[in-house]
Amino acid sequence: MRFYEREGVPLTESVRRVGGRRVYTEDGVARLNLCVILRASGMPLPEIRRYTGLARAGAGNEPERLALLREHEARVSDQIAEPTRCLDLIRYKVAVDEDLVRRPRLQPPR
């Protein structure tokens, strides 16, 4: 939470308990989880900041939030596609080599 707070990502207000410990609401923790997932999927902090700011502002900006998420979704899909193509080729080569290993070798004529 502190990292995102320092980065200007609006999550939620915290309450300090005796001893200075911060206590966050369930909503704040849910927003944090979303930020962590968006960041782990490669969304830049300025976009996370923009999205969470829009979300905190409430109703009326859903098209803008949706556009941000759709753009990120497309980027993540593109990032997933390349390793998937590579994995498909590797699996094909494994299958070919497995067939070669299983196939009995012909002995050369004597």
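The values are calculated or read from the model by the stated rules, or taken from the named source; none is laboratory data. Fair warning: this is a prediction, and the values are worked out from it, not measured in the lab. Backbone-built Cβ (ideal geometry, glycine too); neighbour counts: all protein chains shown.
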What do you reckon, is Glu64 under 14 Å from the mean Cα position of the chain (by Cα), on the phi < 0 side of the Ramachandran plot, surrounded by 10 or more Cβ atoms within 10 Å (Cβ to Cβ) and not small (Gly, Ala, Ser)? no
May I ask you to verify whether Arg56 is in contact (Cβ under 8 Å) with a residue 40 or more places away in the chain, under 19 Å from Val9 (Cβ atoms) and either touching a Ser or Thr at 6+ places or on another chain (Cβ under 9 Å) or surrounded by fewer than 12 Cβ atoms within 10 Å (Cβ to Cβ) (or both)? yes
Which members of region 12-49 meet the condition of being hydroxyl-bearing (Ser, Thr, Tyr) and either closer than 19 Å to His72 by Cα or part of a helix (DSSP H, G or I) (or both)? Ser41
Based on this model, can you work out whether Ala67 counts as modelled with pLDDT of 95 or more, assigned to a helix (DSSP H, G or I) and either touching a Phe, Trp or Tyr at 6+ places or on another chain (Cβ under 8 Å) or among the aliphatic types (A, V, I, L, M) (or both)? yes
Hey, any hits in region 43-53 for a residue that's exposed (fewer than 10 other Cβ atoms within 10 Å of the Cβ) and either farther than 20 Å from Arg2 by Cβ or not acidic (Asp, Glu) (or both)? no
Residue that is surrounded by the fewest Cβ atoms within 10 Å (Cβ to Cβ), among those in region 1-28 that are of a type in the set (A, V, I, L, M, F, W, C) and free of Cβ contacts under 8 Å to residues at least 12 places away in the same chain: Val18
Going through region 61-109 in order, the residues found to be aliphatic (A, V, I, L, M) and within 16 Å of Leu38 (Cβ to Cβ) are Leu66, Ala67, Leu68, Leu69, Ala74, Val76, Ile80
